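A short worksheet on the structure shown next.
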Amino acid sequence: MALQGTMHAPFAEPSPAGTTGRVVRRAVKVSAVAATPTPARTPASTGSVKRAMTMTEKILANHSDNASVKPGDNIWTRVDKLMTHDVCGPGTFGIFQKEFGPNAQVWDNERVVIIPDHYIFTSDARANRNVDILRDMATKYNIKYFYDITDRSNFRANPDYKGVCHVALAQEGHCKPGEVLFGTDSHTCNAGAFGQFATGVGNTDAGFILGTGKLLIKVPPTMRFIMDGEMPEYLLAKDLILQIIGEISVAGATYKAMEFAGSAVEGMNMDERMTICNMVVEAGGKNGVIAPDQTTFDYVHARSQEPFQAVYSDGAANFVADYKWDVSKLEPLVAAPHSPDNRKTARECSDVKIDRVYIGSCTGGKTEDFISAAKLFYRAKRQVKVPTYLVPATQKVWADVYTLPVPGCDGKTAAEIFEEAGCVTPAAPSCAACLGGPRDTFARMNEPEVCVSTTNRNFPGRMGHKEGQIYLASPYTAAASALKGYVCDPREYM
């Protein structure tokens, strides 16, 4: 006998910044009554029933030729772009050749993007060999988008070299609303800022995509995070994503889509939106997504003439949880060692003496990140008290640091302000010390130091030494901490 009932998804009431994350789930009454049996109908007379879908579900439905999909469905999705880099690229092509044969061709040589970026500026022979293998694969398969580097002594002598893959993907026009992007890097979710489905995969899945242009995946349920209110001048997108991760934990969004909305998100430029989506994987998320708008379209149209189809969540779409914040009430945050969900206010950690500051990575090494840090240094008009390492994500970001006037800073560039503040000269664009790397990697933590960093992970050994301590923070908080020599709330200098 069929049962009839109703159930609503729980509403999550977030706790204030700086307190232990607590989710209050409202009790829901579920009724079940016997339903009157109805005559069976044939599939031909029934047809397909259109259901309200989230943005993620719509994208996956469009790419699997389904009228609709729902969480838990296993589908074959078409792939618009596959990205790989120097760490996983050789293994990906190795699997492709083993499984499809030495004479097989990739499914589309214009949809594969190869970006060396992780272990580049090092004398490590094995790291250098990986880039050589990628060069051979790009030649063998006539890959159109291979951003090569041959002269490691001077990155500017390599016009094709870009830098950090996730930022380069956006800057080179490979990110577009409504598309499906897979990459052999967990932070591929960064591209969800453009309103597309983007997520990381392993070498085996990537090797299969190389041969077929498809992948079997399970449709994730969607959590929604609404950030309303006016952003205070001392907060940045990094503070908001640390607030969210601290609230739900590093496992709170396991295999779920995280959709971000609200007036605070709508007011962000693309760099800041990328920061939000970049770290969904630190909450266990499958992907992150932000509804595309004119800000998105302007960015994309300036970099690509390819058509795209933007999609949006239906008003009646089902979200497994809703979280809401008034951002005007939030404080500058850090994630203390050794987990991204170890949320604390910067004020709570003001007695933590630090040894260094690091500003860089796909999360915190974009143009907006350096502009923000420079603004704080300019206002403070003081010298840093600890070594402050600067690693622009890409060549384009590096050029912006040296050429763009920082708003409100008397026409000075970020590079000029950094020099006056006593920072280390900006390094060659790459992932650098974000994930440790060979011992000669720029700014790698080779000693058990305490670092405030704009990167995305602070697990033991992440930036080098296994006894190092990493406090994840926004560029504002990182800059303020560099000036103080302690973890510092940026409001002290603003």
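Descriptive notes on the structure:
- One residue from Met223, Met231, Met227 being in a loop (DSSP other than H, G, I, E, B) and of a type in the set (A, V, I, L, M, F, W, C): Met231
- Scanning the stretch 362-395 for residues that are part of a loop (DSSP other than H, G, I, E, B) and under 22 Å from Ala170 (Cα atoms) gives Gly365, Lys366, Pro392, Ala393.
- Test: residue in the stretch 406-417 that is in a loop (DSSP other than H, G, I, E, B), touching a Ser or Thr at 6+ places or on another chain (Cβ under 9 Å), hydrophobic (A, V, I, L, M, F, W, C) and touching a residue at least 60 places away in the same chain (Cβ under 8 Å): no
- Matching residues, the stretch 462-494, being assigned to a helix (DSSP H, G or I), of a type in the set (A, V, I, L, M) and within 23 Å of the chain's Cα centre (by Cα): Ala478, Ala479
- Filtering the stretch 354-383 to residues that are buried (at least 24 other Cβ atoms within 10 Å of the Cβ), more than 22 Å from the chain's Cα centre (by Cα) and among the small types (Gly, Ala, Ser) leaves only Ala374.
- Flag if Thr46 is at pLDDT 95 or above and of a type in the set (Ser, Thr, Tyr): no
- Whichever residue in the stretch 331-353 is of a type in the set (A, V, I, L, M) and buried (at least 24 other Cβ atoms within 10 Å of the Cβ) and, among such residues, is farthest from the chain's Cα centre (by Cα): Ala346
- Between Arg111, Arg135, the distinction of being farther than 27 Å from His301 by Cα, open to solvent by 10 Å² or more (accessible area, probe 1.4 Å) and modelled with pLDDT of 95 or more belongs to Arg135 only.
- If you go through the stretch 236-255 and keep only what is in contact with a Gly (Cβ under 6 Å, 6 or more places away or on another chain) and either without any contact (Cβ under 8 Å) to a residue 60 or more places away in the chain or farther than 18 Å from Thr363 by Cβ (or both), you end up with Glu247, Ala251, Ala253, Thr254.
- Answer residue from the stretch 480-493, given it is of a type in the set (D, E, K, R) and out of contact with any strand residue (DSSP E or B) (no Cβ under 9 Å at 6 or more places or on another chain) and is surrounded by the most Cβ atoms within 10 Å (Cβ to Cβ) among those: Lys484
- The set of residues in the stretch 193-220 being touching a residue at least 24 places away in the same chain (Cβ under 8 Å) and part of a helix (DSSP H, G or I) consists of Ala193, Phe194, Asn203, Thr204, Ala206, Gly207, Phe208, Ile209, Leu210, Gly211, Thr212.
- Members of the stretch 294-321 found to be open to solvent by less than 40 Å² (accessible area, probe 1.4 Å) and assigned to a loop (DSSP other than H, G, I, E, B), listed by number: Ser304, Ala310, Val311, Ser313, Ala317, Phe319
- Selection status of Phe121, among the hydrophobic types (A, V, I, L, M, F, W, C), open to solvent by 30 Å² or more (accessible area, probe 1.4 Å) and under 20 Å from Pro438 (Cβ atoms): yes
- All positions within the stretch 176-233 that are closer than 18 Å to Val113 by Cβ, open to solvent by 30 Å² or more (accessible area, probe 1.4 Å) and not small (Gly, Ala, Ser): Asn203, Asp205, Phe208, Thr212, Lys214
- Selected residue [closer than 23 Å to Leu404 by Cβ, modelled with pLDDT of 95 or more and either acidic (Asp, Glu) or open to solvent by 10 Å² or more (accessible area, probe 1.4 Å) (or both)] from Thr425, Thr477: Thr425
- Qualifying position, being within 19 Å of the chain's Cα centre (by Cα), surrounded by fewer than 23 Cβ atoms within 10 Å (Cβ to Cβ) and part of a loop (DSSP other than H, G, I, E, B), among Phe442, Phe459: Phe459
The values are calculated or read from the model by the stated rules, or taken from the named source; none is laboratory data. Please read these numbers as outputs of a predicted model, since none were measured by experiment. Glycine gets a Cβ as well: all are built from the backbone with ideal geometry, and neighbour counts include every protein chain shown. These accessible areas exclude ligands, DNA and RNA; they are computed on the full protein's heavy atoms, side chains included. Shrake-Rupley method; radii C 1.70, N 1.55, O 1.52, S 1.80 Å.
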